[in-house]
Amino acid sequence: STFIFNDEFSLSNTKVADVRRSLEVINQNPVIGDLTSETVDEVRQKSYGVFFSQNRAVTSQDYKSMVYSMPSKFGAIARCAIQKDSDSFKRNLNLYILCKNSDNNLVPANLSIKQNLKNWINRYRMINDSIDILDAKITNLGIKFEIISERNVNKATVLNNCLLTLNNEFINKQPDIGEFLEITKIYKLLNAVRGVADTVNVDVYQKIGSDYA
């Protein structure tokens, strides 16, 4: 914050300090675009390709590197993906982005962050590239599974260990935009849990409602 007084030297230092301390700000909308606690996977994902980009955007990886390298004071992009617009005859590109809110959940970016990102990309994009910045779709998935436990084991303990295994694999790792989900990987994770004889069924479904989508 910056305060400007007509003649600050002629004023009481105590009153000037009181005026400075009296400033209060209330945001009508929640703050998004803050990435103060990035995971190791997020840092690895954003650093990939930056070394080779040489401060210009030619390939899709160059554009992703530029998006992730935008200074945090303009807002932070948590996920991005870029695709060529199949309906365009020119070099029109669709840039899909997502931010994070204070609860570390993925949310659409607001207009301010999109405008800042547009200005930032314009410094590096090819002159004949046209870019549309769009919101990526957020899909919340749930997993249902059926297992057969081994003999002489506590079934409740085995089931709880299966849930913990899936939680550690998916809850702490938010996938990238367009990243596919391997059903066979879920089978492998469950079959590797001690006490599981076999996984007989895995069902992935979309979770909807006020607490999700």
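The values are calculated or read from the model by the stated rules, or taken from the named source; none is laboratory data. Values in this document were obtained by computation on a predicted structure and should not be read as measured data. Note: ideal-geometry Cβ built from the backbone for every residue, glycine included; neighbour counts use all protein chains shown. Calculation scope for accessible area: heavy atoms of the full protein, side chains included, ligands and nucleic acids excluded. Shrake-Rupley method; radii C 1.70, N 1.55, O 1.52, S 1.80 Å.
State yes or no: is Ile183 more than 19 Å from the chain's Cα centre (by Cα), closer than 15 Å to Thr139 by Cβ and of a type in the set (Val, Ile, Thr)? Against the criterion (more than 19 Å from the chain's Cα centre (by Cα), closer than 15 Å to Thr139 by Cβ and of a type in the set (Val, Ile, Thr)), Ile183 does not qualify.
Ile147 - would you say it is within 30 Å of Asn92 (Cα to Cα) and either assigned to a helix (DSSP H, G or I) or of a type in the set (A, V, I, L, M) (or both)? So Ile147 does not fit the description; no. Here Thr157, Thr165, Thr184, Thr139 are screened, and the one residue that is out of contact with any Asp or Glu (no Cβ under 8 Å at 6 or more places or on another chain) and open to solvent by 80 Å² or more (accessible area, probe 1.4 Å) is Thr184. Within region 57-74, being open to solvent by 10 Å² or more (accessible area, probe 1.4 Å) and among the small types (Gly, Ala, Ser) holds for Ser60, Ser69, Ser72. Screening Ile177 with (1) free of Cβ contacts under 8 Å to residues at least 40 places away in the same chain; (2) of a type in the set (Val, Ile, Thr); (3) in a loop (DSSP other than H, G, I, E, B) gives one miss only, at (1). Of the residues that make up region 99-115, is at least one among the hydroxyl-bearing types (Ser, Thr, Tyr), modelled with pLDDT under 90 and touching a helix residue (DSSP H, G or I) at 6+ places or on another chain (Cβ under 7 Å)? So far as region 99-115 goes, no, none of its residues is among the hydroxyl-bearing types (Ser, Thr, Tyr), modelled with pLDDT under 90 and touching a helix residue (DSSP H, G or I) at 6+ places or on another chain (Cβ under 7 Å).
Annotation for region 124-139: at least one member residue is closer than 26 Å to Asn167 by Cβ and at pLDDT below 90.
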